[in-house]
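Reviewing the structure listed below.
What follows draws every value from the coordinates through simple rules; no lab data is involved. If you're wondering where the values come from, they're calculated on a predicted model, not measured in any experiment. When we count neighbours, we look across all protein chains shown, and the Cβ atoms used for this are built from the backbone with ideal geometry, even at glycine.
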Amino acid sequence: MMVQEGQPQGRERPVRWSHVKIWSVAVISLTFLSTCFIVSCVVTYHLTSVKTDKRLSELHTYHPSLTCFNEGTRETEKVWGCCPSTWKSFGSSCYFISDEEHFWSKSEQNCVQMGAHLVVLNTKAEQDFLVQQLNESLSYFLGLSDPQGNNSWQWIDQTPYTENVRLWHQGEPNFSAEECASIVFWSPRGWGWNDVFCDSKRNSICEMKKVYLS
């Protein structure tokens with residue numbers, strides 16, 4: 001009888017041990033996965049932080065001060081969008097209205113020297129915001145040109161022209177030798193785009209992406 005009673009006890013021991021091994025493996029696996037997740041988050045945050053710091057450093061090269069606005073969609077969110085202090089803010093971009101007249105290429109060069117490019121208009125809402133800052137008696141270069149003079153217009157940042165908003169004045173563009181675009185106010189039509197000579201002197205609008213801090 002004692003031998004018979006001992007046999008079941010001998011069989012239970014390896015079963016309990018296998019349960020312990022399974023739980024140990026599960027705990028180790030969960031710990032490993034948690035560690036990988038935490039490391040991944042830290043690396044992602046570090047890379048994002050490095051990228052933001054680099055962008056801020058580049059901006060400070062051209063601009064001594066920035067103005068930041070809380071752009072969080074909820075009160076608990078603290079997302080700050082920053083632009084150079086003298087620039088206008090709209091959407092995800094910052095804009096600078098030049099009060100100097102230059103050729104198109106010189107205007108673009110001046111924008112690049114400030115960490116920007118000639119403005120690329122993506123929506124009518126964007127244009128409606130900008131024209132409120134413009135002088136109706138002046139013409140402003142856009143980051144839009146037709147280098148070959150064959151109606152193959154292209155934006156300076158490679159935004160697809162055919163897929164983007166087009167807000168030309170009626171009947172424009174109308175002359176292949178005029179290979180650059182400007183925005184100008186014509187009464188009674190209002191503001192619209194016009195093709196102009198690239199070597200004509202005009203004002204311009206520069207655009208750069210905001211820096212976001214959180």
Under a point spin-label approximation (7 Å from Cα along Cα-to-Cβ), what is the residue 152-residue 174 distance to one decimal in nm? 2.6 nm
Whole-number percent relative contact order across segment 67-213, with pairs defined as alpha carbons under 8 Å at least 6 apart: 34 percent
For residue 69 and residue 90, calculate 0.36 nm times their separation in residues minus their Cα-Cα distance, and state this gained length in nm to one decimal. 6.4 nm
Using a Förster distance of 22 Å, the FRET efficiency for residue 164-residue 117 (Cβ separation, nearest 0.05): 0.90
